[in-house]
1. Between the helical axis of 223-237 and the dominant principal axis of the chain, each derived from Cα atoms, what acute angle in degrees is found, rounded to the nearest 10?
2. For the Cα atoms of the chain, what angle does the longest principal axis make with the long axis of helix 67-79, in degrees from 0 to 90, nearest 10?
3. Based on the Cα gyration tensor of segment 99-208, what are the three equivalent ellipsoid semi-axes, each the root of five times an eigenvalue, rounded to whole Å and given largest first?
4. Tell me, what HN-Hα J-couplings in whole Hz come from the Karplus equation 6.51 cos²θ - 1.76 cosθ + 1.60 at θ = phi - 60° for each residue of segment 322-336, using x for Gly and Pro?
5. Normalised by the number of residues in the chain, what is the relative contact order in percent for Cα pairs under 8 Å and 6+ residues apart?
6. So what's the angle, to the nearest 10 degrees on a 0 to 90 scale, between helix 290-312 and the longest Cα principal axis of the chain?
7. Please give the length that would be gained between Ala99 and Asp224 if that part of the chain were fully extended, namely 0.36 nm times their separation in residues minus their C-alpha to C-alpha distance (nm, one decimal).
8. Looking at the square roots a ≥ b ≥ c of the eigenvalues of the Cα gyration tensor of segment 183-306, which shape do they give, rounded for a/c under 1.5, prolate if a/b is larger than b/c, or oblate?
Amino acid sequence: MTDRPLGFGRTSGATGSAGGTVAASGSSSGSVLDDDAAAALLPERPERGHKGLFGKVLVVAGSLDYAGAALLVCQAAARAGAGLVTLAVPESLQPLFAAKVVEATTMALPEDDVEELEPQESLARILDHDHDAIVVGPGLRPGLATREFIAELLAAPDEPAAAPAAAPILLDAEALRALASTDGWWSNAPRPAVLTPHVGEFGRLRAGSGHDPAADGDLVADDDARAAAASAAAAEWRQVVVLKGARTVIADPDGSVAVSPFSNPALSTGGTGDVLAGTIGSLLAQGLRPFAAAQLGVYLHGLAGEAVSERVGDAGLLASDLPIELAYARRRLSLIAGRRRSGSRFGFTPTGDGTRS
């Protein structure tokens with residue numbers, strides 16, 4: 001099978017090679033991801049596996065005004081390979097969401113006010129639910145109760161008897177807004193997390209951490225400034241940071257930095273960040289560590305965006321176009337990984353003496 005040629009939106013710093021694979025490269029702004037690096041991160045998929053083995057994602061998202069955000073997260077999580085997806089929503093909205101989702105199940109969370117979660121009771125219900133990873137934030141209604149809920153969810157371990165460590169969590173959108181207004185939130189956040197801010201959200205988080213966002217430099221066009229700021233934030237917050245935008249930066253608290261090769265203006269439309277959140281959350285549930293899940297999720301999301309852009313150009317992409325393309329992108333990387341394992345990277349068959357025929 002010949003790989004579909006890709007190329008839309010790749011920056012000049014990431015040169016192409018046979019089969020559309022981007023050649024790996026390094027720079028002062030971090031290691032640039034490519035097909036081979038991403039393929040090596042794919043979680044194993046045993047032939048005799050079942051849905052319970054492929055990750056259970058709990059999505060805490062959605063409100064009446066932002067119902068689409070929650071639905072996009074769930075679709076992306078499933079298309080990225082999760083075995084089970086549960087959408088937890090304010091109890092007054094459960095009938096609405098239950099009628100919209102097909103593959104996901106729903107769970108009602110107690111409310112403090114209309115569409116606003118009651119922190120303690122909602123936390124208890126979530127911790128009692130069987131899950132491998134949590135995605136929280138997209139489409140949640142802002143408010144003091146939401147802020148309290150996010151802080152307690154980050155701090156709360158899962159049931160000690162059930163697991164040696166708390167399930168990882170991805171924080172996006174309203175969850176990030178809540179953190180930005182919570183002093184020193186990272187000092188009481190033992191749960192491993194991935195934060196996925198765009199530049200505006202990142203600036204608010206930095207300001208809330210006592211930094212002048214302007215001192216970080218141009219976080220839209222300066223790749224070195226983006227990498228430096230994301231790395232500094234990851235180290236301070238002791239969590240993985242995904243600074244979204246053209247050439248998305250993924251920073252680990254240990255100082256490791258990876259950069260996406262994709263610069264695709266078609267992705268600059270509402271809901272694409274929700275798809276990324278669901279993708280990374282799915283990979284967390286499948287057992288990848290936060291830095292690996294973030295790298296692979298960003299790369300799959302970029303490949304999906306490229307595939308749609310090849311059809312529609314640099315405008316007109318809808319977030320709902322992306323989930324199915326995530327599955328095709330994963331298939332592409334799976335084929336690359338398979339060839340590497342068999343020693344047949346470009347389709348040649350290894351012979352008994354180790355040569356290719």
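1. Tilt relative to the chain: about 50 degrees.
2. That works out to roughly 40 degrees.
3. One finds semi-axes of 21, 18, 14 Å for segment 99-208.
4. Taking θ as phi minus 60°, the curve returns 7, x, 5, 5, 4, 5, 5, 5, 5, 4, 4, 5, 5, 5, 5 Hz for segment 322-336.
5. So the answer I get is 20 percent.
6. Between the helix axis and the principal axis of the chain, the angle is about 70 degrees.
7. Stretched out fully, the Ala99 to Asp224 stretch lengthens by 40.4 nm.
8. Note, shape of segment 183-306 comes out oblate.
Values in this text are rule-based calculations from the coordinates and carry no lab data. Fair warning: this is a prediction, and the values are worked out from it, not measured in the lab. With ideal geometry, Cβ positions are generated from the backbone for all residues, glycine too; neighbour counts draw on all protein chains shown.
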